[in-house]
């Protein structure tokens, strides 16, 4: 794990129902769906650790106890496999448990991503922090996406969103940004719209599930009125910061799999399996 990171806390909103994966998610959190032998949320935690973070703040809900159990020691299981070839299969998760602090709070009502992030305020406090949406699995052969974003934060000292170009017909599934390109692949955001129709979208640059947020976002969220579907949107709060030039959008290096969809989940499974076999 890298030392002296400027960001120490990574927030994981993990209270959603995962309805696109029913009935699998009826009793199992969608964040615990495995890609090969690791659950999605573990990939996210490892990405945060690689970026120098050691406190994982997880916003959960009813039926999510499996997440807490996963990031805890299972003495009975470890006793059963001690001294066998299977013991090494727990090495990665034991390393995570040993190196990180996990804190949890519950989002009692599902009122959108902005509300989930606001629910995590007591776990974060008055400091900049990262946010990972675990069903966006990001991979890169060198630096992880969050590591790239921490480097950018050190330079610009403002909120940062990860973006990628998408087919314009899918803009109604994402927050979409537009702005001035100040470096190659780096934009100072001046417009940000939540799930616009293709006709109304300001660009095809879509926000994906990686953020670095400055702590003033909490006060903005408290004063953000519900938007689409009656939910508090993080996009609307970020737009308030963007009015002062305090949001950067970054076209990250790497590949993102939308594991919140069945197609993306299967693609990630197949491609990571093929990569592991090489």
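Sorted ascending by nearby beta carbons within 10 Å, beginning with the fewest, 224, 191 become 191, 224.
Give me the angle, in degrees from 0 to 90, between the Cα long axis of helix 145-156 and the longest principal axis of the Cα atoms of the chain, rounded to the nearest 10. So the inclination is approximately 40 degrees. Panel order for 100, 259, by other beta carbons found within 10 Å of each beta carbon, from fewest to most: 100, 259. Helix 262-277 axis versus longest C-alpha principal axis of the chain: approximately 50°, rounded to the nearest ten.
With both labels modelled 7 Å from their Cα along Cα-to-Cβ, the residue 92 to residue 65 distance reads 2.6 nm.
Distance from the C-alpha centroid of segment 76-98 to that of segment 199-266: 37 Å, rounded to the whole angstrom.
Our compactness index for segment 37-139, the C-alpha radius of gyration over the empirical 2.2 N^0.38 Å, is 1.17. Relative to one another, the C-alpha centroids of segment 160-190 and segment 1-68 are positioned 25 Å apart. If R0 equals 41 Å, the separation of the Cβ atoms of residue 80 and residue 126 corresponds to a calculated FRET efficiency of about 0.40. Computed from Cα positions, the angle between helix 40-50 and the longest principal axis of the chain comes to roughly 80 degrees.
Shown is the FRET efficiency for residue 24 and residue 183, computed with R0 = 51 Å from the Cβ-Cβ distance and rounded to the nearest 0.05: 0.75. Taking other Cβ atoms within 10 Å as a rough exposure proxy, 93, 67 sort from fewest to most as 93, 67.
Across q = 0.08 Å⁻¹, segment 9-277 modelled as identical point scatterers on its alpha-carbon atoms has Debye log10 I(q)/I(0) values of -0.32, in the order of the q list. Put a dot 7 Å past each Cα toward the Cβ at residue 6 and residue 105; how far apart are the dots in nm? Here the modelled spin labels are 2.5 nm apart. When both bridge partners sit in the chain, DSSP labels roughly 60% of those beta bridges antiparallel.
Values in this text are rule-based calculations from the coordinates and carry no lab data. In this text the structure is predicted, and so the values were computed from the model without any measurement. A quick note on method: Cβ atoms are made from the backbone with ideal geometry, for glycine too, and the neighbour counts reach across all protein chains shown.
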